[in-house]
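In what follows, a structure is listed as structure tokens, so that the remarks can point back to it.
The values are calculated or read from the model by the stated rules, or taken from the named source; none is laboratory data. Here the structure is a predicted model, which means the values were calculated and not measured. Glycine gets a Cβ as well: all are built from the backbone with ideal geometry, and neighbour counts include every protein chain shown.
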Ligand SMILES: [Fe+2]
Ligand SMILES: [Fe+2]
């Protein structure tokens with residue numbers, strides 16, 4: 001089923017949450033942000049959680065669901081999930097921006113970094129639970145076995161492109177910086 005890889009990806013996304021909690025604990029103790037950890041976490045959220053994972057949800061599963069006559073309950077959850085993806089992108093962008101301001105010596109930005117980490121800690125477990133427990137399994141009933149197989153196949157293709165896209169972006173960034 002096409003939701004298999006998505007649920008496996010949830011298990012990795014969940015594991016970033018205790019890491020962020022530990023960083024919050026450390027910030028609280030030292031009053032300092034670890035900029036490298038924030039940058040790595042932002043890259044994880046952007047490349048893995050958003051581009052690779054939300055990408056497959058929106059560009060494959062939700063795209064196919066939009067062709068179906070959905071029960072209002074499923075339509076409502078899908079709208080919420082899409083909104084939460086938008087919100088997650090905004091929070092991650094704001095986390096990176098406030099980390100940069102903090103590094104430039106803006107001490108007020110420390111509180112914004114803390115707030116954005118708290119936003120992500122709150123959002124992801126709830127978002128994942130909504131998908132795992134209330135959405136993915138029931139919506140599989142809208143699809144035939146063949147449609148499910150086609151989506152799974154498309155998911156592998158989607159993933160296969162990701163590593164190339166990621167490093168093309170890195171080279172382009174480096175070219176721009178040179
Ligand atoms: Fe999602
Ligand atoms: Fe998800």
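Based on what the data block shows, is residue 54 closer than 18 Å to residue 157 by Cβ and in contact (Cβ under 8 Å) with a residue 12 or more places away in the chain? Taking the combined requirement at face value, the residue satisfies it.
Is one or more of the residues making up the stretch 74-85 within 12 Å of ligand 1 (Cβ to nearest atom), closer than 26 Å to residue 15 by Cβ, at pLDDT 95 or above and out of contact with any helix residue (DSSP H, G or I) (no Cβ under 8 Å at 6 or more places or on another chain)? Yes, because at least one residue in the stretch 74-85 is within 12 Å of ligand 1 (Cβ to nearest atom), closer than 26 Å to residue 15 by Cβ, at pLDDT 95 or above and out of contact with any helix residue (DSSP H, G or I) (no Cβ under 8 Å at 6 or more places or on another chain).
Among the residues of the stretch 26-39, those that are part of a helix (DSSP H, G or I), without any contact (Cβ under 8 Å) to a residue 40 or more places away in the chain and surrounded by 13 or more Cβ atoms within 10 Å (Cβ to Cβ) comprise 26, 37.
Among the residues of the stretch 77-111, what is the count of those that are under 19 Å from residue 40 (Cβ atoms) and without any contact (Cβ under 8 Å) to a residue 60 or more places away in the chain? Steps first, please.
Kept after step one, since they are under 19 Å from residue 40 (Cβ atoms), are these residues of the stretch 77-111: 88-89, 91-103, 109-110.
So of that shortlist, the ones also without any contact (Cβ under 8 Å) to a residue 60 or more places away in the chain come out as 88-89, 91-98, 100-101, 109.
Going through the stretch 77-111 one residue at a time, the tally reaches 13.
Among the residues of the stretch 133-154, none qualifies, meaning not one is within 16 Å of ligand 1 (Cβ to nearest atom) and within 25 Å of residue 22 (Cβ to Cβ). If you scan the stretch 112-147, which residues turn out to be under 18 Å from residue 3 (Cα atoms), free of Cβ contacts under 8 Å to residues at least 40 places away in the same chain and either away from ligand 2 (no atom under 16 Å from the Cβ) or buried (at least 17 other Cβ atoms within 10 Å of the Cβ) (or both)? Selection gives 141, 144, 145, 146.
Looking at residue 43, is it in contact (Cβ under 8 Å) with a residue 24 or more places away in the chain and either under 15 Å from the mean Cα position of the chain (by Cα) or not in a helix (DSSP H, G or I) (or both)?
So residue 43 fails the test.
There is no residue in the stretch 94-109 that is surrounded by 12 or more Cβ atoms within 10 Å (Cβ to Cβ) and closer than 17 Å to residue 54 by Cα.
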